Amino acid sequence: MENKKWRHVRLAGVCGLALMGGAVSAAAQSVEELQAQIDFLRAEIEKLKAERSPAAPLSPAPLAERETATSTDDPHSVPEEKPLVVKAAGAPSFTGDGFKNFKIRGRIQSDFAQIGDPDKIGTLGADGFTPDRGLGTVAEIRRVRIGAQGEMGDWGYKFEVDFAGGETNVADAYLAYKGIDNLALIVGYQKTQASMEEQVSSLDVVFMERSRFTDAIDLRREMGVTADWSGENWHWKSGIFVDGAFDEDDEVNGLIVSSRGHYTFGPKHAFTHMGASVEYRDSGAEQGRLRNRPLFHASDSRLLDTGSLDSTSSLYTGLELAGGYGAFYFETELATLGLSVRDEAGQSSTARFNGASLHLGYFLTGEQRAYKRSAGTWSRTKPDNPLGKGGFGALDVAFGADWVDLNASDESIFGGQQLTFLAGLSWRPVDHIRFMANISHMEIYDSASHLHLKNDGTVEDDFGLNMFGLRAQVDW
């Protein structure tokens, strides 16, 4: 029994030693394999380091790819909102989920002018000659506007208010639908479709003020609906309006129908524009008085004036010709206003008044004046080499003449005639900023409101005056 017991113990010991030896051997083998694997992985890491470029760091997949993967992998997933995109366009323009190109817009125009000799131009009454103190040295904030514009899908909107002169006036307030090819429908307070120059923004006209004839007949914005049909080189825009939407009583005083079209020939660097417009105003909306400032808006004087008229309707017709050929540009318009007027006996007749303008300009720094072929209007000209970025900005010179005749063709009304010669220098150091200098000589004939005091003490209704004006403007 004893020997058998010890045999079992010795057998167990031998087995234990064998197992321990096998374990040690296995452990040694596992360590060797693990070391080999570590060495292999280390070599692979070094190889990846050598192949990877420092200029191309690892980055997650672009947002568009992640959105595509999400929508593909999970059809029930909620798409991520579009990121907010901000662009600089005078002021920040924002585009995001559900809206596009929203921006706060505005402009400031500050004017200074010297207009004639107020001691020599005035009125004659029972007390003798009275100088017109609205002439001479004048200054004003011509425009101070603030508003907003933007788009929501196929819809666009614009709203702008002008605070110049200590008053609050709506400049634009409309909603536009552009979901139909080549057609835009616009409803709200907007410009009527008469005259090419009237359609150009006050920021982009050649001189500090538009031609005198459009000022004399008071072309302006009205409340209405317009349809703008356009192509690459042409447009036809027509509308129906009511007068009085922003008058004190807000009552509709009359109906206005206007239409304007154009076609543009030639390539971008050498084009010719031809256009025409017409505007009819019925009783209540027609011009009841025609009058005109000397040139600069800072003066409240009216050297031409028909006085109040018993008018019942009016019809404006205008022709346009313009072009841009490299750095040279020109624009000319010819217009007639037929005004139905009742005399003291109640008999109606048509009095016709005429006007014309011609402007020529050249960019000394080589820019071409910006033009929108699909709308037939001049637009913002940006400097090719802005100041501060290796350039001087955009500099252009312009010369012009315009004619206003407020003496009716049938000699039933005498408001006077005005011939104006202009020269201007305009500097845009950077986009959205502009400085202007204008000089002008004006000849007045048959003035019904003002007289010129001669050195011998007599007066005359034919006279001339010189003018000079400066403007600084910024917009955003």
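The values are calculated or read from the model by the stated rules, or taken from the named source; none is laboratory data. Small disclaimer: the values here were computed from a predicted structure and weren't measured. Cβ placement follows ideal geometry from the backbone for every residue including glycine, while neighbour counts extend to all protein chains displayed. Side chains are part of the model used for accessible areas, which takes the heavy atoms of the whole protein and leaves out ligands, DNA and RNA. Shrake-Rupley method; radii C 1.70, N 1.55, O 1.52, S 1.80 Å.
Among the GluC sites (Glu not before Pro) in segment 167-237, which ones are in a DSSP loop with at most 14 other Cβ atoms within 10 Å of the Cβ? Mind listing them? Mind dumping the intermediate values first?
Values: sites: Glu167, Glu197, Glu198, Glu209, Glu222, Glu232; in loops: Glu167, Glu209, Glu232.
Here the GluC sites (Glu not before Pro) that fit, given the DSSP loop and packing criteria, are Glu167, Glu232.
Model label sites at Glu411 and Tyr445, defined 7 Å from Cα along the beta-carbon direction, differ in position by 1.5 nm.
The 3J(HN,Hα) values that the Karplus relation (6.51, -1.76, 1.60; θ = phi - 60°) gives for segment 97-114 are, in residue order, 6, x, 8, 8, 6, 7, 8, 8, 10, x, 7, 9, 10, 10, 10, 9, 8, 10 Hz. Gly and Pro appear as x. Applied to segment 232-242, the Karplus parametrisation 6.51 cos²θ - 1.76 cosθ + 1.60 on θ = phi - 60° returns per-residue 3J(HN,Hα) values of 5, 10, 8, 7, 9, 10, 9, x, 10, 10, 10 Hz, with x for Gly and Pro. Residues of segment 251-290 with an amide N closer than 13 Å to a point placed 7 Å from the Cα of Thr317 along the Cα-to-Cβ direction: 276-280. Ranked by the mean number of other Cβ atoms within 10 Å of their residues, highest first, the peptides 132-141, 291-300 fall in the order 291-300, 132-141. The length gained by stretching the chain between Phe265 and Phe392 to full extension, at 0.36 nm per residue less their Cα-Cα distance, is 42.5 nm.
If R0 is taken as 25 Å, the Cβ-Cβ distance between Trp229 and Met152 corresponds to a FRET efficiency of 0.65. How would you classify segment 98-230 from its alpha-carbon gyration tensor, with a ≥ b ≥ c the square roots of the eigenvalues: rounded for a/c under 1.5, else prolate if a/b is greater than b/c, otherwise oblate? Prolate. Within the assembled protein chains, the solvent-accessible surface assigned to Ser238 is about 30 Å², based on a 1.4 Å probe.
Solvent-accessible area assigned to carbon and sulfur over segment 81-207 amounts to 57 percent, based on a 1.4 Å probe.
May I ask you to compute the full-extension gain from Met274 to Asn455, defined as 0.36 nm times their residue separation minus their alpha-carbon distance, rounded to one decimal in nm? Show your work: numbers first, answer last.
Numbers: separation 181, 0.36 × 181 = 65.16 nm, distance 4.80 nm.
Length gained between Met274 and Asn455: 60.4 nm.
Give me the 1.4 Å probe accessible area per residue for segment 164-222, excluding ligands and nucleic acids, in Å².
Working: 2140 Å² over 59 residues.
Spelled out: the 1.4 Å probe surface of segment 164-222, per residue, equals 36 Å².
Within the assembled protein chains, the solvent-accessible surface assigned to Val474 is about 50 Å², based on a 1.4 Å probe. Carbon-plus-sulfur accessible fraction, segment 271-384 (probe radius 1.4 Å, protein heavy atoms only): 51%.
Other residues with beta-carbon under 9 Å from the beta-carbon of Pro386 carry, at +1 per Lys or Arg and -1 per Asp or Glu, a net charge of +1.
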